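The values are calculated or read from the model by the stated rules, or taken from the named source; none is laboratory data. Every value quoted in this text rests on a predicted model; they were computed, and no experiment measured them. Because the Cβ atoms are built from the backbone with ideal geometry, glycine has one as well, and the counts that use them run over all protein chains shown. All accessible areas refer to the heavy atoms of the entire protein, side chains included, with ligands and DNA or RNA removed. Shrake-Rupley method; radii C 1.70, N 1.55, O 1.52, S 1.80 Å.
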Amino acid sequence: MNSNHSLSKLIVTNFGPIHRANIELCPLSVFVGQSNTGKSYLATLIYVLHKFFHHLRSQLWYGLHTKFDSLLQSGSNDEINRWSASLAQTANHLYDFKTDRSTSQHEIGLSDPLGAYFKSMISNLDTALLEEEIVRCFGLPLDDLCPMNGESNPHIVIHHVTDEPDHDVEFQFLLQSGNIESSTTIPDEMIVKLRGDNINASHIFSFLAEPEDYLEPDGSAINIRGSRLLSAISPYISANIWEPFAGYAYYVPSERTGMMRVLNAIVGGMIGHSAMDGIRPSPHMDELTGVMTDFLEVFTSLDAPQSNPHLHQAEKSSDQLQNICARMEGKILKGTILTRNSEITNIPQFVYQPRELGNPLPLKNASSTVSELAPILLYLRHKARSGDILIIEEPESHLHPEVQVQLTLEIAAIVNAGIRVIVTTHSEWILEELANLVNLSSLDKEDRVKIDENDEALDPKDVGVFLFQEEEQANGSTVKRIDLDESSLYPSGYDEVATALYNKSARIFNKREG
């Protein structure tokens, strides 16, 4: 199986304001267009799908544990032997990879009954989980997300295309009143792909027992060694089946500035309400979507190192991400985001340490630029890892055009560090700098550095800019990919506003002078 090239498509029809969207999920996907055309709807849906598949991965693993327990309690010797042989064969393949690193990628086929188990579980999805996440994250009943144009029910298709059609994967979901119907197309053979340069390969080897150890006659290896081995490789099984939705997803909503500034007040109100009325959600929490509550949960659950109970800088995530954070603080924020432990609530408080002042400022007293960018920086430091996805609504909010351009450069660096990014934007400044970074990739490194010392460039294949447009005949919006035009810019239509303003000023000047 040659999977060096793959493409993941997301096709959405009749979902809220969206009549039809057919997009390729790129390392950097940018949603542009007028308001109320569905940019945030589609971004939220992608977040929902990440949450759903994350739940599904947990279900697969829990179901496998349950299966092992059932085998040991009531399984026949023949059934236990077949599972043991399947585990031993997997271990043999892993040993071959461990001893021979001549290839950069190694593929392991899971024999039955192990492979059959995963195929059965993935083909029978628990769509109640998907409905729960849709309702939670949108804050709306399922029926309210049906098309505004009264046409057929919403339909979602995820199609992962590989070089070999027999290995393509497709999930389809049809949203109906009260339930979701699903169908799944997966390869006949379950494959685990490992890269020789991937540090996680060594992690898997640490759980690897000798193949013959999985063949113990009492079946104990199924419950002990087998569980440990499958625990290590199951993330790669799921990644092969539902990539690019295998990583964690983090959503930075457009309301982030206000939420960061009143974070402590919100948490304090929740705690006070719980103290008075028992541990139950505040009625005000019903006004928040799941996207917003997830955002709050991230920042109320960050752990601060105990070595300094008062003030500290965040620990490193990865060298690349740490460098991005340091550059953002140095060039954009002109100061540092620090975390202070609360001795009363044990919930972290975030403050801004300007370079010019001696004392840190609470975020509510810092500039809007600081409170806008602080959550992005904190995500990078504390949460995001290569393979995850970061969704940022309107990164240009409250930012000077010069800062918007600088932030676009950092977004490119985030993508180059292995994190997938989705951006919704109305900013022509962001699009123009994005076009510059794509055009830079056509130059040699020496020439790029002469133009921009940061040397961040984006491969055109890694960037997808998608235009959301109203279609009167369709009673909804359509989404299409736009490429660089003859001016090497993305034709979003935003520049037409600047052109119209210029023409208006010219007419005023001509009338006044003439």
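At-a-glance table
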quantity	calculated
Computed Kirkwood radius, in angstrom, where 1/r is averaged over Cα pairs of the stretch 332-476	17.4
Pairwise centroid distance, computed over Cα atoms, of the stretch 447-495 with the stretch 60-76, Å	50
For the chain, accessible area per residue (1.4 Å probe, heavy atoms of protein chains only), Å²	47
Carbon + sulfur, % of accessible area of the chain - ligands and nucleic acids excluded, 1.4 Å	48
For the chain, share of DSSP beta bridges that run antiparallel, in % to the nearest 5	70
Extended-chain gain in nm, criterion 0.36 nm per residue less alpha-carbon gap, HIS155 and LEU7	51.3 nm
Summed residue charge, Cβ within 14 Å of GLU189's Cβ, Lys/Arg positive, Asp/Glu negative	-4
Subset of LYS364/LYS504; LYS193/LYS450; LYS51/LYS119 violating a 31 Å alpha-carbon distance limit	LYS364/LYS504; LYS193/LYS450
For the stretch 1-97, the spread of Cα positions along each principal axis, largest first, Å	64, 32, 17
Tilt relative to the chain, helix 39-74 - C-alpha long axis, 0 to 90 degrees, to 10	10
Helix 263-277 axis, angle to the chain major axis (alpha carbon atoms, nearest 10°)	60
Listed peptides 179-189, 430-440 by packing density, highest first (mean Cβ within 10 Å)	430-440, 179-189
Net +/- balance of residues flanking VAL252 in space, Cβ distance below 12 Å, scoring K and R +1, D and E -1	-3
Sequence ranges 245-253, 159-167, ranked by mean other-Cβ count within 10 angstrom, highest first	245-253, 159-167
Between helix 225-242 and the chain: long-axis angle, C-alpha atoms, 0 to 90°, nearest 10	40
Alpha-carbon Rg with Dmax, taken over the chain, Å	25.5, 100
Computed label-point distance, nm, for sites ASN439 and LYS383 using a 7 Å Cα→Cβ extension	3.5
Computed magnitude of the charge dipole of the stretch 453-514 (debye, nearest 20; Cβ of K, R +1, Cβ of D, E -1)	600
Charge-dipole axis of the chain as Lys and Arg at +1 and Asp and Glu at -1 on Cβ define it, positive-most pick from VAL370, SER477, GLN34	VAL370
Only Lys, Arg (+1) and Asp, Glu (-1) charged, at Cβ; the stretch 377-514 dipole about Cα centre in debye	300
Peptide ranges 78-88, 59-69, 27-37 listed from the most packed, as the mean C-beta count within 10 angstrom indicates	27-37, 78-88, 59-69
Spin-label pair PHE207/THR499, simplified geometry with 7 Å Cα→Cβ offset, distance in nm	5.7
